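Quick note: the coordinates plus some simple rules give every number you see, no bench work behind them. Everything quoted here is computed from the prediction, not taken from an experiment. Positions of Cβ are backbone-derived with ideal geometry, glycine not excepted, and every protein chain shown enters the neighbour counts.
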Amino acid sequence: MQIILLERVEKLGAIGDVVTVKDGFARNYLLPNKKALRANDANRKLFESNRARIESDNADRRAEAEKASKNVDGKTVQLIRQASNTGQLYGSVSARDIVDALEADGAKVTRSQVVLDRPIKGIGMHEIRIALHPEVSVTVKVNVARSPEEADLQAQGIDVMAQMFERDSAAFTEAYDPNAEPGATAEPPAGGDAPAAAAPAEDDPQ
């Protein structure tokens, strides 16, 4: 389907561009969200007659987003979650969780502005893009940890899971004798008795 963009759409184009998209994408997202018009003659004329107003409204929204971005860009929010010893969360962190955490920190965003390709399912520092406007994006960090102490370590740049893996690996390292021959078995304890030799069998009386 051919459409006329009413605002900039990432990977598609800018205001006024006529582009071809899949029918489902247009019907389910672009058209109902008023991001585009079907590219027919009537809509082309309608767009051109309203182009100045559309561009002016977009500039106003962009200016508001740029102002709001100063209160969001670079923020770090902390989320404490239960997780396994491998760092996998029992559940996940969603866009709603990030919105709530930012709001608690004084930054107001909407769930649709959180660009989260998939839910966060592991502990660590995660960089998340916030699209305040089609032309204004900022980045926030989400520190997901199992405890405030663990979150503090991650905030300092320490890889908690790598440390845990190294600690566990050290605990399971086998002691070895550097002088032992390859394939040699362990020596019996010092002072231990050697296995007794089998007694000779007595002759069978005739």
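Do any trypsin sites (Lys or Arg not before Pro) in segment 1-49 lie in a DSSP loop with no more than 15 other beta carbon atoms within 10 Å, and if so, which?
For trypsin sites (Lys or Arg not before Pro) across segment 1-49 that sit outside H, G, I, E and B with at most 15 neighbouring Cβ atoms in 10 Å, the list reads Lys11, Lys22, Lys34.
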State the percent of C-alpha pairs, over all pairs in segment 2-58, separated by a distance greater than 19 angstrom. 18 percent
In straight Cα distance, which lysines are under 22 Å from Lys67, not counting same-chain residues fewer than 8 positions off? Lys75, Lys108, Lys141
Just to check I understand the Karplus step: with θ = phi - 60° and J = 6.51 cos²θ - 1.76 cosθ + 1.60, what whole-Hz values come out for segment 96-112, glycine and proline as x? 4, 4, 5, 4, 5, 5, 5, 5, 5, 9, x, 10, 9, 9, 9, 4, 5
So for segment 73-127, what are the equivalent ellipsoid semi-axes in whole Å, largest first, each being the square root of 5 times an eigenvalue of the Cα gyration tensor? 21, 12, 10
Dimensionless Rg over Rh [segment 7-141; C-alpha; Kirkwood]: 1.07
Spelling it out for Ala36: with amide H atoms placed in the peptide plane at 1.01 Å from N, the residues 5 or more places away or on another chain with amide H under 5 Å from its amide H are Leu6
Quick one: which residues, 5 or more positions from Ala83 or on another chain, have an amide H under 5 Å from its amide H? H modelled 1.01 Å from N in the peptide plane, none for Pro or chain starts. Tyr90
